[in-house]
Each structure stands twice: as structure tokens, then as C-alpha cells.
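S.K.: Here it is, the structure, as C-alpha cells.
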Amino acid sequence: MTTTLTLKNIPDEVYALLRAQATSNRRSLNSEAIVCLETVLRAATPNTQDRLTQLRALRASLGTTKFAPADIDKFKRQGRA
């Protein structure tokens, strides 16, 4: 099943980049927009198991240090003007 999507208010610079990319790849604007969306959206979808493994490794690397709420607030404020 296909669906129609209308894009409005595309900045001129973005339109020009898309047009140039479509021409370079010998695609229509529509086809180039679909390829761009597929590329970005598929890359942004992490494998759930891989992400869980990364998070568990991060948690294990943090150790078991406990921080008081006041310390956590102090850490949050560090580097802020």
C-alpha cells in the first residue's frame, strides 16, 4: 500500500539541495525524497537487543557509587553560568 504525502513550506535551500541530489542520482524529486527519508529513518531505528546490551555495559561501567540528592543537583549545575 502506498500513501501520498504533501510537504509544505520547504526552505528554498533544502529544496535546491534535494533537486541537485535528485539530478545527480538521476531520480525524480519524489523518488529522491523517499530515498532520503528511508535512509534517515532506517538508520535512526536501533536494534533493540544491541541497544540493551550497550545500556547494560554502560550501567556496569558506572560502578555502585551512590550520590546524595544535593550532590546530583550540584553536578547538574556544574558548567552552567
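The values are calculated or read from the model by the stated rules, or taken from the named source; none is laboratory data. This one's a predicted model, so the numbers in the text were calculated from it and none came from an experiment. Reconstructed Cβ throughout: ideal geometry from the backbone, glycine too, with neighbour counts over all protein chains shown.
S.K.: Within the group 77, 56, 27, which residue is surrounded by 10 or more Cβ atoms within 10 Å (Cβ to Cβ), over 30 Å from residue 7 (Cα atoms) and out of contact with any Ser or Thr (no Cβ under 6 Å at 6 or more places or on another chain)?
M.R.: The unique qualifying residue is 56.
S.K.: Checking residue 67 against (1) surrounded by 10 or more Cβ atoms within 10 Å (Cβ to Cβ); (2) at pLDDT 85 or above, only one condition comes out false. Which one?
M.R.: (2)
S.K.: Okay, moving on. Looking only at the range 30-53, count how many residues are of a type in the set (Lys, Arg) and surrounded by 10 or more Cβ atoms within 10 Å (Cβ to Cβ).
M.R.: Total meeting the criteria: 1.
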